[in-house]
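Data block below; observations after.
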Amino acid sequence: MIRALTLAAMLVTLAIPATANAQTPPAETAAPATLDWMVGEWSGKGKIFGRDSEVELNVKPVAAGAAYSLDYRIYLAADGDATEMRFAAHGFFQRGKGRKWHGRWVDNFGNLHDVSGSLDAEAMTTLWGSPSTEIGRSSYSIADGKLQIVDWALAKNGSFSEFARSQLNRK
C-alpha cells in the first residue's frame, strides 16, 4: 500500500506544471569568449626596450578550449654595448565568467605572474604581476591578419610605460 501511495505521489508531482516561482537559468546570448583567433604559430619583428627583436608565439587550446597555452620567445642580437638576450615564457590562460580570463605566466628570468584578462572580439588585454614584483599590461590584437602584441610596465608615477611592441605573421 505504501508503494502504491508513493508511486501515485510521484506521478502527481510529475504531472504538475512548473510553478511561477521556478527559475530557468538564462540562455547564453553570446558565443563563449575564446582565444581561437590566436591559435597557431606566429613569428615576426618587434622593438623591445628600444632594440630590434625577433619574436615567436605559439598558441594552443587545451582542455577542449577551456584554456590556452602560450609559448613566447624573444631574441635580441648583441648591438654595440648591448649584449645578446633570449627571453622565453610560458603562459596558461583559463576561461572565467563571460569574457574574462585568468592564468599564470612564467619566464626564464625567474618571474611567475598571475594574469587576468578580458576579450573583445579579436583582442585581449591582460594585467599581470603584483605589487611585490612588478605590474604590467599586455594587449594582443589582430589587424590585417597580423597579430600585434604590446607590453607596458607600471611606472612609479602610476602610469603605464610601453616597453615592447611586436607585429607577427601566422606561419
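Sort out for me the strands (runs of 3 or more DSSP E) sitting completely within the range 26-115 that have 2 or more residues that are among the β-branched types (Val, Ile, Thr) and under 22 Å from Thr133 (Cα atoms). Explain how you work it out, then say what you get.
Numbers: elements: 40-48, 51-62, 67-76, 85-95, 100-107.
Strands (runs of 3 or more DSSP E) meeting the threshold: none at all.
Does the range 87-108 include one or more residues that are more than 23 Å from Pro61 (Cα to Cα), over 13 Å from the mean Cα position of the chain (by Cα) and either modelled with pLDDT under 95 or among the aromatic types (Phe, Trp, Tyr) (or both)? Show your work before the answer.
So the first thing to find is which residues in the range 87-108 are more than 23 Å from Pro61 (Cα to Cα), and the list is none.
No, the range 87-108 contains no residue that is more than 23 Å from Pro61 (Cα to Cα), over 13 Å from the mean Cα position of the chain (by Cα) and either modelled with pLDDT under 95 or among the aromatic types (Phe, Trp, Tyr) (or both).
Restricting to the range 76-86, name every residue that is open to solvent by 90 Å² or more (accessible area, probe 1.4 Å) and either within 17 Å of Pro61 (Cα to Cα) or touching a strand residue (DSSP E or B) at 6+ places or on another chain (Cβ under 9 Å) (or both). Talk me through it step by step, then tell me what you get.
Kept after step one, since they are open to solvent by 90 Å² or more (accessible area, probe 1.4 Å), are these residues of the range 76-86: 79, 81, 83-84, 86.
Of everything in the range 76-86, those that are open to solvent by 90 Å² or more (accessible area, probe 1.4 Å) and either within 17 Å of Pro61 (Cα to Cα) or touching a strand residue (DSSP E or B) at 6+ places or on another chain (Cβ under 9 Å) (or both) turn out to be Asp79, Thr83, Glu84, Arg86.
With the structure loaded, tell me whether Gly91 is open to solvent by less than 60 Å² (accessible area, probe 1.4 Å), of a type outside the set (S, T, N, Q) and without any contact (Cβ under 8 Å) to a residue 12 or more places away in the chain or whether it fails that test. Spell out the reasoning first.
Details: open to solvent by less than 60 Å² (accessible area, probe 1.4 Å): yes; of a type outside the set (S, T, N, Q): yes; without any contact (Cβ under 8 Å) to a residue 12 or more places away in the chain: no.
Considered against the rule, which asks whether it is open to solvent by less than 60 Å² (accessible area, probe 1.4 Å), of a type outside the set (S, T, N, Q) and without any contact (Cβ under 8 Å) to a residue 12 or more places away in the chain, Gly91 comes out as no.
Quick one: Met124 ticks every box in (1) touching a residue at least 40 places away in the same chain (Cβ under 8 Å); (2) open to solvent by 40 Å² or more (accessible area, probe 1.4 Å) bar one, so which box is it?
(2)
Would a scan of the range 43-60 turn up a residue that is within 21 Å of Glu122 (Cα to Cα), at pLDDT 95 or above and among the basic types (Lys, Arg)? Before the answer, list the steps.
Of the range 43-60, the ones within 21 Å of Glu122 (Cα to Cα) are 43-46, 55-60.
Retained after the next criterion (residues that are at pLDDT 95 or above): 43-46, 55-60.
Imposing the further condition that a residue be among the basic types (Lys, Arg) reduces the set to 45, 60.
Yes: one or more hits.
The values are calculated or read from the model by the stated rules, or taken from the named source; none is laboratory data. Computed from a predicted model, the values in this text were never measured in an experiment. Note that we place each Cβ from the backbone using ideal geometry, even for glycine, and neighbour counts take in every protein chain shown. Only protein heavy atoms, including side chains, enter the accessible area calculation; ligands, DNA and RNA are left aside. Shrake-Rupley method; radii C 1.70, N 1.55, O 1.52, S 1.80 Å.
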